1. What's the number of the only condition in (1) at pLDDT 95 or above; (2) over 30 Å from W363 (Cβ atoms); (3) among the aliphatic types (A, V, I, L, M) that L232 fails to meet?
2. From the residues in segment 397-418 that are part of a loop (DSSP other than H, G, I, E, B) and surrounded by fewer than 16 Cβ atoms within 10 Å (Cβ to Cβ), which one is nearest to the chain's Cα centre (by Cα)?
3. Quick check on my filter: what residues within segment 637-665 are modelled with pLDDT of 90 or more, among the charged types (D, E, K, R) and surrounded by fewer than 17 Cβ atoms within 10 Å (Cβ to Cβ)?
4. Before we move on, is G300 on the phi > 0 side of the Ramachandran plot and modelled with pLDDT under 80?
5. Return the total of residues in segment 364-391 being in a helix (DSSP H, G or I) and crowded, with 17+ Cβ neighbours inside 10 Å.
6. Out of the residues in segment 149-192 meeting the condition of being farther than 30 Å from Y133 by Cβ and either polar (S, T, N, Q) or touching a Pro at 6+ places or on another chain (Cβ under 9 Å) (or both), tell me which one is modelled with the highest pLDDT.
7. Across segment 499-544, which residue is farthest from D476 (Cα to Cα) among those that are touching a Phe, Trp or Tyr at 6+ places or on another chain (Cβ under 6 Å) and at pLDDT 80 or above?
Amino acid sequence: MQKGSIGVTTENIFPIIKKFLYSDHEIFLRELISNAIDATQKLKTLASSGEFKGEQGDVTIRVSIDKNKLIISDSGIGMTAEEVDKYLNQIAFSSADEFIKKYKTQSIIGHFGLGFYSAFMVSKKVEVITRSYREDAKAVRWICDGSPEYQLEDAEKETRGTDIILHIDDESKEFLEEARISELLRKYCRYLPIDIAFGKEKEWKDGKQVETDKDHIINNTTPAWTRKPADLKEEDYMNFYRDLYPMQEDPMFYIHLNVDYPFNLTGILYFPKIKSNIEFQKNKIQLYSNQVYVTDSVEGIVPDFLTLLHGVLDSPDIPLNVSRSYLQSDSNVKKISGHITKKVSDRLEDIFKKDRTGFEQKWDNLKLFIEYGMITDEKFAERAEKFVLYKNTDNKYFTFDEYLTLVKDAQTDKEKKTVWLYATEADAQYSFIEAAKAKGYDVLLLDGQLDIHFINHLESKKTDIRFARVDSDVIDRLIQKDDHLQTHLPQEQQDDMREIFEALLPQQNSHFYVSYESMGEQAAPMVVTQSEFMRRMKDMSALGGGGMSFYGTMPDSYNLVVNTDHPLVKKVIGEKDADMGETLGKVKNELTPVEEQLKALNETLKDKKEDEIDQAQKDLRSELQQKEESIRNTRKEALTTYGKQHTLARQLVDLALLANNMLKGEDLNRFIRRSVEIIGG
């Protein structure tokens with residue numbers, strides 16, 4: 001029996017391994033089984049080269065639980081006492097390094113070394129019983145209790161290979177539970193290339209489950225991505241997807257990746273049906289290194305928009321045992337990322353060209369993914385311009401160039417910008433859409449989660465177009481061909497009517513600005529619009545747009561545009577003149593001399609600094625200002641009281657609010673009762 005100390009560069013490596021080498025202790029099982037796979041594949045390589053002439057036999061890797069022990073057994077190349085001393089007692093070396101130099105064309109997974117020592121994260125003692133494939137080799141046992149001290153002795157083992165026996169510590173009893181080990185094997189080992197057995201298959205007999213003699217193999221050694229596309233049918237791709245995501249709806253289509261230069265990459269990426277919740281869809285790509293599971297947290301490793309895809313990526317060029325931050329900065333990973341982006345865009349373009357009708361049918365599910373990619377990835381955006389689609393309210397689809405050609409003549413404003421009108425809710429904005437169509441305009445339907453971000457992105461790239469929502473202004477100002485619309489309503493009348501209409505508008509959590517336009521007798525008497533800029537900023541804020549949170553705290557701001565050409569508006573104005581003329585005349589007679597006195601006083605004081613004005617003048621100015629304010633308040637109160645009692649004015653305002661789905665609750669109930677009364681005469 002040999003005793004000694006493990007040759008390490010620090011006296012206290014085991015606590016480091018336990019706490020810092022891996023972020024999650026469960027990874028030990030992946031490491032140990034990867035080593036078993038490695039040892040088995042080495043045997044196969046030696047057999048194919050003629051260096052091993054014996055029978056390979058059953059090379060199934062077996063995982064078992066025996067009381068407080070977890071055992072991983074393989075029938076690979078095993079180790080001699082010298083190799084155990086070299087590979088387990090001298091951590092600085094790796095058995096795979098020399099082997100790879102000799103067999104460069106073979107794919108080698110994992111290695112002895114620090115990966116093996118992950119066993120001590122969960123064990124109070126580790127035993128290794130191993131026998132080399134070499135003729136006349138003797139079996140040896142290596143034992144270590146987690147200190148740098150070990151012992152190496154002869155052992156009894158009839159067959160080649162290695163048994164790793166973990167004496168699980170008290171803090172890690174979960175790894176003695178069959179369900180927990182099954183979970184980890186499925187997570188990390190379900191697609192490894194050598195059969196892995198854990199327990200026996202079970203069957204129902206006499207109303208209960210009993211074990212059979214057949215091994216329970218937990219993995220698929222030839223998953224779809226490792227096979228040639230020519231050998232796979234559509235059904236194979238769909239079955240593999242269902243195995244990966246048992247409860248998910250079938251995907252729309254997929255991409256089978258198979259690259260061997262300038263790096264190795266295989267995989268299958270699926271396009272799921274995505275409609276709204278981005279975060280829910282993320283982290284569905286599984287990353288493998290030679291069929292060994294690495295992670296499903298691929299942000300930063302692949303472009304962010306690709307995290308919306310599902311599937312598997314596998315590359316030996318992706319390091320197995322490193323942090324995500326390292327992966328994100330690794331040059332090979334960046335090359336892989338760029339290549340996948342190109343493959344995805346090529347596949348989408350190919351589908352678009354070959355089957356545009358089918359592509360259009362899938363557009364509502366593809367739209368979020370493609371818009372996300374165009375916003376976040378410049379190279380993808382350039383490629384996607386060929387197949388990104390725009391759907392209008394008639395459910396017709398256009399490429400960018402096609403749509404620009406469609407609307408350019410009718411929808412170019414006086415600034416030479418082509419205005420792309422859009423709606424976000426076809427039903428809620430129906431009247432605005434119809435008004436736009438009546439003018440010969442076309443309206444896009446932008447009802448997606450990222451559409452506001454997307455049109456901002458487009459406007460920054462395409463400076464000759466701008467987007468305007470159909471309810472952001474009256475139709476004649478949405479695409480302004482000449483100067484602003486005019487109204488012939490005198491300013492005094494505008495001021496009077498503003499007080500009346502404002503008295504009838506909602507005040508809570510919103511602000512209304514009343515304006516006047518001459519829109520013709522056939523147009524609506526009043527229209528509620530919302531500024532494109534303010535509404536878009538608030539929408540961006542709601543979506544978490546950077547720097548937009550300020551807008552989210554502001555009240556909603558709307559315009560009540562009054563059509564001074566409409567007969568009903570003229571009727572309200574006429575009734576106001578008849579009912580309020582005498583009262584407003586008296587107020588005006590009282591206000592005019594005060595305004596004139598204040599104006600004259602301010603004229604005499606305009607060249608004086610505040611400290612040069614004597615107290616008498618200051619007192620007079622203050623008195624006149626207070627008197628003016630009091631008279632104006634009297635006028636405002638009179639008009640406000642009149643407005644609240646004016647049935648037709650309230651009806652017109654409520655109709656405008658109703659058209660924007662802004663009349664609710666008791667206000668809506670009153671409107672209905674009032675409408676019935678009006679109809680009944």
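The values are calculated or read from the model by the stated rules, or taken from the named source; none is laboratory data. Treat the numbers as computed from the prediction; the structure is a model and nothing was measured. Every residue, glycine among them, receives a Cβ derived from its backbone with ideal geometry; neighbour counts consider all protein chains shown.
1. (2)
2. K408
3. Within segment 637-665, E637, K644 meet the criteria.
4. Here the answer is yes, as G300 does meet what is asked.
5. Count: 14.
6. S182
7. L505
Okay, residues lined up against (1) assigned to a helix (DSSP H, G or I); (2) of a type in the set (A, V, I, L, M); (3) in contact (Cβ under 8 Å) with a residue 12 or more places away in the chain:
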residue	(1), (2), (3)
V653	yes, yes, yes
L658	yes, yes, yes
M662	no, yes, yes
R674	yes, no, yes
